[in-house]
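These notes are about the structure you will find just below.
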Amino acid sequence: MYKLNHILIIDDDQINNLFSQIILEDADVSNLVSTCHSVPEALDFLRSAETDSETIFPDMILLDISMPSLDGFDFLDRYYALGYNERHRTFISMFTSSEEQEHVNRVEQYDVVVGFINKPLSLPTLHAILALQASNRTENNFE
């Protein structure tokens, strides 16, 4: 399995962020793991990553669905409106506490989303998401 350059976690739950970051670092699947606690913070981070040569735009984003004010779907709408989906080869997996059919149906309109992660992140789930991402990268000639 190839190693990612950068994974970004977007979740308002600091404990989940810390736990996910530990899992990701222990699994050694990425050179860098960053966290943001809100959609506005994440959008500022991505804007900076595009303009600052010091910051690597994420290969993968782990995105919480349920956040106060703006949620994961608000993030996806803005991500697409800003054209990040066209300029970057980033894949997104959605953090969820429950698998609501409405979320599954809604996510189908976003081709950058490669599945759901039940909280908390586990090694088997991480490896499954990375395998999905690798498969999507190959299918879409992103190698």
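Summary table below
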item	result
Filter result for Leu76 (within 14 Å of the chain's Cα centre (by Cα) and in a helix (DSSP H, G or I))	yes
Residue within the stretch 90-113 that is closer than 22 Å to Glu25 by Cβ and of a type in the set (Phe, Trp, Tyr) present	yes
Selection status of Asp52, modelled with pLDDT of 95 or more and out of contact with any Leu (no Cβ under 7 Å at 6 or more places or on another chain)	no
When residues of the stretch 31-54 are limited to those that are touching a Phe, Trp or Tyr at 6+ places or on another chain (Cβ under 8 Å) and of a type outside the set (A, V, I, L, M), the one surrounded by the fewest Cβ atoms within 10 Å (Cβ to Cβ)	Glu50
Top-ranked residue in the stretch 29-63 [being among the charged types (D, E, K, R) and either touching a helix residue (DSSP H, G or I) at 6+ places or on another chain (Cβ under 9 Å) or assigned to a loop (DSSP other than H, G, I, E, B) (or both); ranked as nearest to His88 (Cα to Cα)]	Asp59
Only one of Ser20, Ser30 that is among the hydroxyl-bearing types (Ser, Thr, Tyr) and in contact with a His (Cβ under 7 Å, 6 or more places away or on another chain)	Ser30
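The values are calculated or read from the model by the stated rules, or taken from the named source; none is laboratory data. Just so it is clear, the model here is predicted, and its values are computed rather than measured. In this analysis, Cβ positions are derived from the backbone assuming ideal geometry, glycine residues included, and neighbour counts consider all displayed protein chains.
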